[in-house]
Amino acid sequence: MPILLKIRWTIKDDLVEDFKKNQAALMTVMQDHPGVIVYHADYPEDNVSEWTELYNNNETFKAHLANERGKAPLGVCVDACSEIECRCWGDPDDGSRDILAGFGATYMESGENSILLHPRADKDSTV
């Protein structure tokens, strides 16, 4: 089952540029993992970033977080924040939950058949 994360990062005022630079570095790391379906970062306020991440499965999630190229930028992002809120949908296994505990994840209930990856998804499709 896919894992959907919505993460809200409250960034310390003097560390916004460091956060943005390292968030951009993480965007390149996700390209190492074709099972990372969506990785979106938004800045709705000066010191707030909201991310939406969709992982194909637990193995993809764990591989992405274990990627050596991502560890330093993620550490900077975490240290640059005064608060991190992480909401998770799907069915993370124990290993994924161990990782998500570091982000203070709360687990949300999805309705039956409410989270699905299209089995024939095609990034080049026009229909």
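The values are calculated or read from the model by the stated rules, or taken from the named source; none is laboratory data. Bear in mind that the values here come from a model prediction, so they are computed numbers and not experimental data. Cβ: placed from backbone, ideal geometry, glycine included. Neighbour counts: every protein chain shown. The accessibility values were calculated without ligands, DNA or RNA, using every heavy atom of the protein model including side chains. Shrake-Rupley method; radii C 1.70, N 1.55, O 1.52, S 1.80 Å.
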**OP:** May I have the convex hull volume per residue, in Å³, for the Cα set of the stretch 23-66?
**Re:** 69 Å³
Original post:
What's the local net charge at E109, with K and R +1, D and E -1, over the other residues with C-beta under 12 Å away?
Top reply: -1
Original post:
For the chain, the longest stretch holding no trypsin sites (Lys or Arg not before Pro) located in a DSSP loop with at most 12 other Cβ atoms within 10 Å is which?
Top reply: 1-119
**OP:** Report, to the nearest whole %, how much of the accessible area of the chain belongs to carbon and sulfur atoms, 1.4 Å probe, protein only.
**Re:** 49 percent
Subject >> Euclidean distance between Cα centres, the stretch 31-93 to the stretch 1-15, Å >> reply: 7 Å
Original post:
For the Cα atoms of the chain, what angle does the longest principal axis make with the long axis of helix 68-79, in degrees from 0 to 90, nearest 10?
Top reply: 50 degrees
Original post:
Suppose R0 equals 41 Å; then what is the FRET efficiency for M1 and D46 from their Cβ-Cβ distance, rounded to the nearest 0.05?
Top reply: 0.70
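At a Förster radius of 30 Å, what calculated FRET efficiency corresponds to the Cβ-Cβ distance of R8 and A121, to the nearest 0.05? Show your work: numbers first, answer last.
Numbers: r = 27 Å, r/R0 = 0.89.
That pair, R8 with A121, gives E of 0.65.
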**OP:** Compute the signed sum of charges (Lys and Arg +1, Asp and Glu -1) over the other residues within less than 15 Å, Cβ to Cβ, of D18.
**Re:** -2
**OP:** Would you check the chain for Lys pairs whose C-alpha atoms are within less than 25 Å, ignoring same-chain pairs closer than 8 in sequence, and give me the count?
**Re:** 14
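Averaged per residue, what accessible surface does the chain expose to a 1.4 Å probe, in Å²?
Numbers: 7660 Å² over 127 residues.
Per-residue value: 60 Å².
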**OP:** Give the Rg (one decimal place) followed by the Dmax (whole number) of the stretch 10-99, computed from C-alpha coordinates and expressed in Å.
**Re:** 13.0, 36
Original post:
Mind listing which GluC sites (Glu not before Pro) in the stretch 32-113 are in a DSSP loop and have 11 or fewer other Cβ atoms within 10 Å?
Top reply: E109, E112
